[in-house]
1. Which numbered condition trips up residue 123, out of (1) surrounded by 19 or more Cβ atoms within 10 Å (Cβ to Cβ); (2) in the same structural domain as residue 233 (by TED's automatic domain parsing)?
2. Counting only residues that are more than 25 Å from the chain's Cα centre (by Cα) and without any contact (Cβ under 8 Å) to a residue 24 or more places away in the chain, give me the strands (runs of 3 or more DSSP E) lying completely in region 237-346 with at least 1 of them.
3. Condition first: in contact with a strand residue (DSSP E or B) (Cβ under 7 Å, 6 or more places away or on another chain) and surrounded by fewer than 19 Cβ atoms within 10 Å (Cβ to Cβ). Now tell me which residues in region 394-410 satisfy that.
4. Among the residues of region 215-229, what is the count of those that are in contact with a strand residue (DSSP E or B) (Cβ under 6 Å, 6 or more places away or on another chain) and at pLDDT below 80?
5. Note down all Cβ pairs under 8 Å where the first residue falls in region 371-400 and is outside the structural domain of residue 420 (by TED's automatic domain parsing), the second is crowded, with 20+ Cβ neighbours inside 10 Å and modelled with pLDDT of 85 or more, and they're at least six residues apart or on different chains.
6. In this structure, is residue 258 loosely packed, with under 15 Cβ neighbours inside 10 Å, touching a strand residue (DSSP E or B) at 6+ places or on another chain (Cβ under 6 Å) and outside the structural domain of residue 453 (by TED's automatic domain parsing)?
7. Can you tell me how many residues within region 421-475 are part of a loop (DSSP other than H, G, I, E, B) and more than 26 Å from residue 310 (Cα to Cα)?
8. I need the full set of residues from region 198-219 which are in a strand (DSSP E or B) and out of contact with any helix residue (DSSP H, G or I) (no Cβ under 6 Å at 6 or more places or on another chain), in order please.
């Protein structure tokens, strides 16, 4: 995150870095901000345009080489659609992929190959003239074109980043601990890759955080009550209200920013959207109470249950050979039971028995329940492989079909740990407003952990999921689960 290099205690004029003189407003000042396309959406647009161009050229070439076997419209649409879905499933629009060119290029090429393979299988199953014609030629034509398109799109994006594109300018009202937390979290987790930030502070907003006051890399201005002039001079894209003390905050000055076209966001809501989780450290119950979210209509629940049945049945059908092979491996290693049943907590605090392939020794908990460690000595050799590949989770699909779990939801925890965590973490019980899930927002964003700090971090993602519950959100999580299965280290 880049900010100006000189701390300032007086307002406006020549003291503000990089003023946007190309957006004249009244009196020559910069006008309201124009929408800035983020790096992720910009890359998606590039992928769509370049993939469409590459696929059109490939199809035209195929029609010249084999005019007697023109592919049907479903076949023409399936290949680019499968390619784009695999790009998303591999996490290529996430922050870490946008920051690492080498990783992005490798995964984009793999997405092209697997997308072409998946589309070819689907086309082969379609009856002529919809599909089933020239599948091999379609595959060979699609993969090179999509590999090239994906590579060019990412090289263009990284070139634009080096030119300073996709930066956002934030005027943060306040310079206390909350403002410092905001800057620190945006630097680590923000969906925008680079921010220019100016802090506007006044003693009425509380004490200035010494880390901001002493560090010359962060610009802090005396706020006064003319936020609009600050926003115009700085050329802010957004105004974020983040004071430690809100009493005495000049609301009319903030309203002037909003009516002038500068988006004004409250700290918690802005941060939730930027980092994809709820900031538990400075959480306010009033914000949860009066804000949007935590709504579950009967239609939402019915669609979620339908998705659970369809997704779990399809997954069982596809994964059955792997499940059978894994079960045989568990049995052959030590002759113990294949399945492991354990009490877990789901929606409303109800306890059910989860089914998993056994990955630990038979006597692993002879001294009672304990947290699993990262390199737990109780895990067997086969169990270590099953955990790394997530194959041990496959029997949970039967729990999903029975209705004990959902395909997507918070991770089901044991009753002993749930009671302990609920006593030590505020709002922990709110994660049980929905059914526990085989995969979930926390599972695809946070690495496996077994400590109080890990539980607190995962709770921030679970609360975000419960608050923003929706069938489309579930589908996006299911897609990205493939990334976690293939690259377990890909979660943050």
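The values are calculated or read from the model by the stated rules, or taken from the named source; none is laboratory data. The shown structure was predicted, so the numbers you read here are calculated from the model rather than taken from an experiment. Virtual Cβ from ideal backbone geometry, glycine too; neighbours counted across all protein chains shown.
1. Only one criterion is unmet by residue 123, namely (2).
2. Numbers: elements: 238-241, 264-266, 339-345.
Hits in region 237-346: 339-345.
3. Scanning region 394-410 gives a single hit, 398.
4. 1
5. none
6. Values: loosely packed, with under 15 Cβ neighbours inside 10 Å: yes; touching a strand residue (DSSP E or B) at 6+ places or on another chain (Cβ under 6 Å): yes; outside the structural domain of residue 453 (by TED's automatic domain parsing): yes.
Yes, satisfied.
7. First pass over region 421-475, keeping only residues part of a loop (DSSP other than H, G, I, E, B): 425-427, 434-436, 440, 446-451, 468-470.
When the remaining residues are screened for being more than 26 Å from residue 310 (Cα to Cα), the result is 425-427, 446-451.
Qualifying residue count for the region: 9.
8. Here is the first cut: in region 198-219, the ones in a strand (DSSP E or B) are 198-201, 219.
Of everything in region 198-219, those that are in a strand (DSSP E or B) and out of contact with any helix residue (DSSP H, G or I) (no Cβ under 6 Å at 6 or more places or on another chain) turn out to be 201, 219.
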